[in-house]
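The values are calculated or read from the model by the stated rules, or taken from the named source; none is laboratory data. Because the structure is predicted, anything quoted here is derived from the model rather than measured. Cβ atoms come from the backbone with ideal geometry, glycine included; neighbour counts cover every protein chain shown. These area figures cover heavy atoms from the full protein model, side chains too; ligands, DNA and RNA do not enter into them. Shrake-Rupley method; radii C 1.70, N 1.55, O 1.52, S 1.80 Å.
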Amino acid sequence: MESESTAMDQADCAAEWPVLVIERSKKGSLVEQIVAAIAAMVGRRELRIGTKMPSVRQFAKCNGISTFTVVESYDRLVTLGLLMSRRGSGYFVARQDLPPAMTPMAMHTMPTAIDSLTPDLYSGVSEALAAGVGWLPPEWYGDDTVLDAVRHAMRIPSNRLRGYGHSMGFPTLRHHLAATLSDDLFPVDPEQILLTHGATHAFDLILRTLTRPGDTVFVEDPGYSNLHSLILHHGCIAVGIPRGEHGIDVELLARQAALTQPKLMFVNTVLQNPLGTSLSAAQAHRLLALAEQFDFWLVEDDIYRELAQRGEASLAAMDGLRRVIRVGSFSKTLSPVLRVGSICASASLLPELLRVKMLAGLTTSEINERAVYHAISARPYKRMVDKLVAQLESGRERTIESLRSAGMTPLAKPRGGMFVSAGWDAAPRPDWNGKTIADAALKAGILLSPCDFFMLRPPESVWFRFNVAYSNHPQLLDFLQSVRPA
C-alpha cells in the first residue's frame, strides 16, 4: 500500500514538476544526484530564470525523500548560484548558465583519485618502475639519518607509554618547528602548531573544521589529486582555478569568488604539484588581497619549501597567519613512511582544529614525531637536504631531455623539486587518454601518473607527472616511444 501511495503522489506531482529519477543504489549521495539533475535542467534551459521551485515539503513528497535531503540540496544549489532564496516566498532559479564546475562535461569527469592504479603509486611495494610516484628512493633521503632517528625514537621513556601522547603533538618537535619557521619565514609560537599524520590528514582536519556540505572550495587545476577527492567526500563543491607556467589565473579567481563565495582555497605556493612552478611575490600579494576582499581562507600547502630556493614567496609570512593556514610535511625530505605533518594557524583557530583532531583520532604517533625531531635536529640533516636538492636538479635536467627525445613537451619549466609534467599535443590514438595509457604502462611494469588524476577540467592534451628520480630509465623511454603519436 505504501508503494502504491508513493506512486500516486508522484503521479499527482508530475503534472506540475518533473519527478527526478533517484537511484538509491547509485554511487554518490542523494544530494549529489539532486544537485546534478537540477543543474542539468538549468543547463538545458528546462528551468528558466525566475522559475519557482517546489517547496521543500512538496519536493520531498514528490520524490519520496526526506525534507533534510531537499534542504541540503537547495542550499548547495544556492551556493552554486543556480538558485536564490527569498524569505517567505521560497526558492527560485537564479541563473541560466552553469558555473564551470557544474557543466555536464565536468560533472562526468570528476576525479577519482583512488582506483585500481593509484594504490601502487603510494604503497612503495610494487615492483614496477616508479616513474609517477610522489616519493624518492630511500638512498636519496640518507639511509643513516633516517634509521638513526628511528632508533633514537624507539628509546622512548617507559613513562611515555602510559598515555596517548600530547594532543597537539610531541612538544619538543613543535618547539623546534616554531624556532625554525621563526628564523626562516615568520614568527610563530609552538602553541600555534598542531602535528598531524602527514599533509593529507591536515587537509582533512581543515575541511572538517571550516566547511560544511555545500560549501565551495577552490583548488588549483591541475592540482593534488587526493585533495580534489577529499573535498568531494566532505560534500563540498570543488571549483578548479587554472594554474599554468605563469601561476594562477587570478582574474578568473576573482570572478569565481564573486559568483560562488568560497569558504577556502588550497594553494601550492612553492614547487606546485604537479607542475613544479612557484608563485611570484606579486601573485601571492594579489591572492591575499582577493582572500581579504571575498572573505575566504587560504590553505598554503607548503610541503616542498625545503627543496626550493630561499626567498620564494610565502603566503604565511606575508599574512602572518591572519587569513592563511600553513600545512607542512616531512615526507619529501625524510621518508613518507614516518607520516608526520603540521598545521600552523592563528591562535584563535587552533583550538577548534585541535578539538576536531581529537574527535577524529585523539592524537598522533609520538614515536614517529620523535623520529622526525631526531632527524631534523641532527647535524647531517642540512647537508642531506642540500645533497637532495642537487640530485633533484641534475635528475630534472636529464628527465626533461629524455622526455623531449620521446616527443613530449613540458607543461611548464619547474623551478625545482621532484616533478616534471610533460605530454603530447594529441593522444596517440583517438580512443586513448592519460588513464588508458597509464593502464597499458602498468602492464609493461611502469607506474605512471596521468593528467586525469590532477584535473577537474577535461584535459586538453595527454600528459603525465614524472618523478625525476625514476624517469631517466630505458624501460620508460622505450614505452613512451612505443605509444607516442605518429
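Checking Arg457 against (1) buried (at least 23 other Cβ atoms within 10 Å of the Cβ); (2) in a loop (DSSP other than H, G, I, E, B), only one condition comes out false. Which one?
Looking at each condition in turn, Arg457 falls short on (1).
Give the residue that is surrounded by the fewest Cβ atoms within 10 Å (Cβ to Cβ), with candidates limited to residues of the stretch 231-241 that are touching a residue at least 40 places away in the same chain (Cβ under 8 Å) and either under 25 Å from Ser421 (Cβ atoms) or of a type in the set (Asp, Glu) (or both). Steps first, answer last, please.
Our first condition is that a residue be touching a residue at least 40 places away in the same chain (Cβ under 8 Å); within the stretch 231-241, this holds for 232, 235, 237-240.
Those left that are additionally either under 25 Å from Ser421 (Cβ atoms) or of a type in the set (Asp, Glu) (or both): 232, 238-240.
Numbers: Leu232: 19, Ala238: 23, Val239: 25, Gly240: 21.
So the residue we want is Leu232.
Among the helices (runs of 4 or more DSSP H) lying completely within the stretch 1-113, list those that include at least 3 residues that are surrounded by fewer than 18 Cβ atoms within 10 Å (Cβ to Cβ) and at pLDDT below 70.
On the way: elements: 2-14, 30-43, 56-63, 67-80, 104-107.
Correct list: 2-14, 104-107.
Scan the stretch 379-386 and tell me whether some residue there is β-branched (Val, Ile, Thr), assigned to a helix (DSSP H, G or I) and open to solvent by 20 Å² or more (accessible area, probe 1.4 Å). Show your work before the answer.
First, the residues of the stretch 379-386 that are β-branched (Val, Ile, Thr): 385.
Now drop any that are not assigned to a helix (DSSP H, G or I), which leaves 385.
Imposing the further condition that a residue be open to solvent by 20 Å² or more (accessible area, probe 1.4 Å) reduces the set to none.
Looking through the stretch 379-386, none of the residues is β-branched (Val, Ile, Thr), assigned to a helix (DSSP H, G or I) and open to solvent by 20 Å² or more (accessible area, probe 1.4 Å).
Kindly indicate the residue of the stretch 272-311 that is of a type in the set (Val, Ile, Thr) and open to solvent by less than 10 Å² (accessible area, probe 1.4 Å) and also farthest from Ile231 (Cα to Cα) among those meeting that condition.
Filtering the stretch 272-311 for residues of a type in the set (Val, Ile, Thr) gives 277, 299, 303.
Subset that is open to solvent by less than 10 Å² (accessible area, probe 1.4 Å): 277, 299.
Working: Thr277: 23, Val299: 13 Å.
The residue in question is Thr277.
From the residues in the stretch 338-353 that are touching a helix residue (DSSP H, G or I) at 6+ places or on another chain (Cβ under 9 Å) and part of a helix (DSSP H, G or I), which one is most open to solvent (accessible area, probe 1.4 Å)? Lay out the reasoning, then the answer.
So the first thing to find is which residues in the stretch 338-353 are touching a helix residue (DSSP H, G or I) at 6+ places or on another chain (Cβ under 9 Å), and the list is 338-347, 349-350, 352-353.
Filter again for part of a helix (DSSP H, G or I), leaving 338, 350, 352-353.
Values: Leu338: 16, Leu350: 6, Glu352: 67, Leu353: 0 Å².
Looking at the filtered set, the residue picked out is Glu352.
Among the residues of the stretch 201-224, are any hydroxyl-bearing (Ser, Thr, Tyr), open to solvent by 10 Å² or more (accessible area, probe 1.4 Å), part of a helix (DSSP H, G or I) and under 27 Å from Ser421 (Cα atoms)? First the steps, then the outcome.
We begin by selecting, within the stretch 201-224, every residue hydroxyl-bearing (Ser, Thr, Tyr); these are 209, 211, 216, 224.
Now drop any that are not open to solvent by 10 Å² or more (accessible area, probe 1.4 Å), which leaves 209, 211, 224.
Next, only the ones that are part of a helix (DSSP H, G or I) stay: 209.
Of the ones still in play, those that are also under 27 Å from Ser421 (Cα atoms) are none.
The answer is no; no qualifying residue exists.
Return the only residue of Lys332, Lys357 being touching a helix residue (DSSP H, G or I) at 6+ places or on another chain (Cβ under 9 Å), in a helix (DSSP H, G or I) and not aliphatic (A, V, I, L, M). I'd like the intermediate steps shown before the answer.
Values: Lys332 fails: in a helix (DSSP H, G or I).
Only one candidate qualifies: Lys357.
Quick check: is even one residue across the stretch 271-286 at pLDDT 95 or above and either among the charged types (D, E, K, R) or closer than 26 Å to Val78 by Cβ (or both)?
yes
Filter the stretch 390-416 down to residues that are polar (S, T, N, Q) and surrounded by fewer than 18 Cβ atoms within 10 Å (Cβ to Cβ) and give me whichever is farthest from Val483 (Cα to Cα).
As a first pass, look at the stretch 390-416 and keep what is polar (S, T, N, Q): 391, 394, 399, 402, 405, 409.
Those left that are additionally surrounded by fewer than 18 Cβ atoms within 10 Å (Cβ to Cβ): 391, 394, 405, 409.
Working: Gln391: 29, Ser394: 26, Ser405: 13, Thr409: 15 Å.
Checked the stretch 390-416; the qualifying residue farthest from Val483 (Cα to Cα) is Gln391.
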